[in-house]
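The values are calculated or read from the model by the stated rules, or taken from the named source; none is laboratory data. This one's a predicted model, so the numbers in the text were calculated from it and none came from an experiment. Positions of Cβ are backbone-derived with ideal geometry, glycine not excepted, and every protein chain shown enters the neighbour counts. SASA here: full protein model, heavy atoms, side chains in, ligands and nucleic acids out. Shrake-Rupley method; radii C 1.70, N 1.55, O 1.52, S 1.80 Å.
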Amino acid sequence: RALQAVHSAGLFAALHRLWLPDAVLLRMPDALAAFDDEGRRPPLDPRLLEEERFRGGDCGRFRHRRGLHGLPRGYSVVVAPYGPMGGRAPAWRCSIVSRLMRSDHLISAKVRSFGQLDCGRDVLHTLWQQGLAVAASGTLARKFRYVDVGASLGDCSLAAAALLPWGALSAVAFDADSRVIGLLREAAQMNGLSGGRANDSSLVARLALLGDEADLRKPADIEVDEHIGVVVADGESGPRGARLASRVPRSTLDAELAGFTADADVDVLSIHGNGFFESAVLRGAGALLAGGRIRCVLVTCGAVDGCEAMAALLQQRGYRTEESLDWVLASPASLLEATGGDVCGPGLVSASVARLDL
């Protein structure tokens, strides 16, 4: 009862704001490690953790999981990349800065406590494989285009910046929680991902409640669980917990990505909708999907619809699908037939326009 009284009085929240670092340095590959009930183990192919890029070079004087209280916030903190800049071999980002909430926000707590990026295993594995394919090509026809829906604090987007060669990424991240979008924009600035130079990787964070065309006529009223993010839209049922009401702009992926895809396809789209928004987001990307403009889709199986319904929706739009635990992976069937590649496999990387030296 005493602890409940203290919590109700807001003392814990005040202490969080006072003492917890609002940014943490994460070094590679430690940020990609995972913990389970049996102890620490790599979530990906063990070869990732053994790659030469993670075993050589100077990654600066700051240790992994270092809180950045009072330290400079420019991406000089992120330190120089592994590998020569402008040389024949690609350079890689050896660490990132994650911008966090000073509260008991679930993802902030996980990153702060364990030094792990909160990004799905299949998304990380796909980005790693695509990054290796880009590096092997020596040059890239264009920036690698990644779209992160339900981004929260941007763990998957930041992982993409580290798993793609330095300067090769162009990412757009969406979330309907204004709290995390503000922090993600700061993280992009702190990590040198603001796109100030043509040869830099870039990350743009957008506030939007994504859905389908029918949703555009509805008021964009949402409820946010202060620990996990957006859980309810338009009064629909969701998990119970502390709620913060908000109203955000509505849109569709077709509308939001019209400029982003004007001259090239999306290489990877990942959707994490807390189990409630996945189907609507996919329906709102109907034109992109029908045209085969998204080379790899990774979407969580909705708590309402399940994996089968998500796969059926993609198959109806000409995609070949695979299920992996609570994710559905999909690629255009016509592209797979033309390339002989696998669903979301590294052979889908395009290299057909102007050169981009890595």
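Sorted largest first, the principal axis extents computed over the alpha-carbon atoms of region 244-320 equal 39, 30, 16 Å.
Taking other residues whose beta carbon is less than 10 angstrom from the beta carbon of G150, and scoring Lys, Arg as +1 and Asp, Glu as -1, yields -4.
In the complete set of protein chains, residue-level accessible area for H64 is approximately 40 Å², probe 1.4 angstrom. Given a 1.4 Å probe and the protein chains as shown, E323 ends up with an accessible area of around 110 Å². Annotation: amide H of L209 within the under-5 Å range of R250, S251, sequence separation 5 or more or interchain, hydrogens built in the peptide plane. Per-residue Karplus couplings for region 319-328, computed as 6.51 cos²θ - 1.76 cosθ + 1.60 with θ equal to phi - 60°, are listed in order as 9, 8, 10, 9, 10, 9, 6, 9, 10, 10 Hz, Gly and Pro entered as x. Proximity of backbone amide H atoms, modeled 1.01 Å from N, is registered between L269 and V147, C296, V297, L298 at under 5 Å, excluding neighbours fewer than 5 places apart on the same chain. Accessible surface for I222 stands near 10 Å², nearest 10, in the context of the full protein assembly shown (1.4 Å probe). Sequence-ordered 3J(HN,Hα) estimates for region 291-305 from the Karplus curve with 6.51, -1.76 and 1.60 and θ = phi - 60° stand at x, x, 7, 10, 6, 9, 10, 10, 9, 5, 6, x, 5, 8, 8 Hz, glycine and proline given as x. Residues whose amide H comes within less than 5 Å of that of D221, counting only those at least five positions distant or on another chain, are D234 (H built at 1.01 Å from N in the peptide plane).
When the residues K110, K143 are ordered by accessible surface, computed with a 1.4 Å probe over the protein chains alone, the sequence from largest down reads K110, K143.
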